[in-house]
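Laboratory data are not the source of any read-out in this text; all were calculated from the coordinates shown. Everything numeric here is computed off the predicted structure, so don't read it as measured data. All Cβ positions, even for glycine, are placed from backbone atoms using ideal geometry, and neighbour counts span all protein chains on display.
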Amino acid sequence: MLDPRSPMPLYRQLADELAEHIRDGLYAPGARIPSEHQLASQYDLGRPTVRQATEVLVRQRVLERRRGAGTFVAERPPEVDLFSLGGTLESFRKRGLTLRTRWLERIHRCEVGEDADQPFAGRRAFRAARLGSLQKEPVLIETFYFDPSAFPDLDQSPPGPAASLSAHIGSRYNARPSGGRQSFKIELADDSAAEALGLSPGTPLLEVVRTLDFPSAPAAIHTVLTCNTSQLVFSQDLGDLTYA
């Protein structure tokens with residue numbers, strides 16, 4: 001119930017109540033919510049107040065307006081576990097999604113700058129970058145660095161852009177990661193990432209940085225994933241948890 005005596009504005013109270021109804025399943029994803037006229041009558045509010053409330057939820061991507069049809073609960077974006085060690089393509093496949101990829105940079109040798117914040121700083125490495133799209137919408141950029149001593153001549157027989165790099169490394173070099181580290185943070189899109197992902201420069205993006213160890217080569221693969229979070233929900237499966 002809304003409280004006219006509360007210091008919280010009525011439109012915020014209504015926005016919170018509608019959001020709670022959505023979380024509780026009263027309005028399912030894709031369902032049309034009552035019209036502004038119906039909500040105004042139900043809560044004894046003016047239509048401008050109702051419009052303010054629904055606009056809050058539209059900005060939060062909880063609701064979406066469809067011209068000539070009304071206001072609907074936004075469909076939940078697909079959820080993908082990008083934090084596993086099984087590889088990006090496999091993570092999408094497990095969710096029943098097909099990630100289409102193309103090379104932005106084919107595998108080539110490069111000199112990594114000494115001031116780079118990564119294991120290959122000041123050293124030579126193989127580098128590659130590819131763009132992943134879901135239903136023709138770009139969703140992420142993967143930038144890879146490989147240890148040339150662990151994966152010699154990788155640039156001479158590279159996998160195709162749609163191939164799993166994890167599977168290629170495993171089959172060609174009989175190598176499987178034994179562990180690794182990863183971190184994630186929010187970064188603002190630079191001009192290059194913005195152009196590739198079809199966004200405006202400065203758009204917030206999720207950056208996942210992953211370094212993989214192999215039994216005979218620690219920190220042999222370093223990957224930076226730049227992710228557009230407006231298209232997907234990125235999650236992490238913690239598996240079975242045992243408490244002592």
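If packing is taken as the average number of other Cβ atoms within 10 Å across a peptide's residues, how do 211-222, 110-121 rank, most packed first?
The packing order, highest mean first, is 211-222, 110-121.
Classify the stretch 1-42 as rounded, prolate or oblate from the Cα gyration tensor: take a ≥ b ≥ c as the square roots of its eigenvalues, call it rounded if a/c is under 1.5, otherwise prolate when a/b beats b/c and oblate if not.
In terms of gyration-tensor shape, oblate.
Going by alpha carbons, how many degrees (0 to 90, nearest 10) lie between the helix axis of 10-23 and the longest principal axis of the chain?
Roughly 60 degrees between the two axes.
Loop only per DSSP, at most 11 neighbouring Cβ atoms within 10 Å: give me the trypsin sites (Lys or Arg not before Pro) in the stretch 1-100, ordered by residue number.
Sites meeting the loop and neighbour criteria: ARG5, ARG61, ARG67.
Where a ≥ b ≥ c are the square roots of the eigenvalues of the C-alpha gyration tensor, would you call the stretch 10-73 rounded, which needs a/c under 1.5, or, failing that, prolate if a/b is larger than b/c, or oblate?
rounded
For the chain, what is the calculated [θ] at 222 nm in deg cm²/dmol (nearest 500), taking -39500 (n - 2.57) for each run of four or more DSSP H residues and dividing by its residue count?
-7000 deg cm²/dmol
Just round it to a whole percent: the fraction of Cα-Cα distances in the stretch 35-190 exceeding 22 Å.
Taking all Cα-Cα pairs of the stretch 35-190, the fraction more than 22 Å apart is 59 percent.
Which order do peptides 187-198, 137-148 fall in by mean Cβ count within 10 Å, highest first?
Averaged packing, sorted descending, gives the order 137-148, 187-198.
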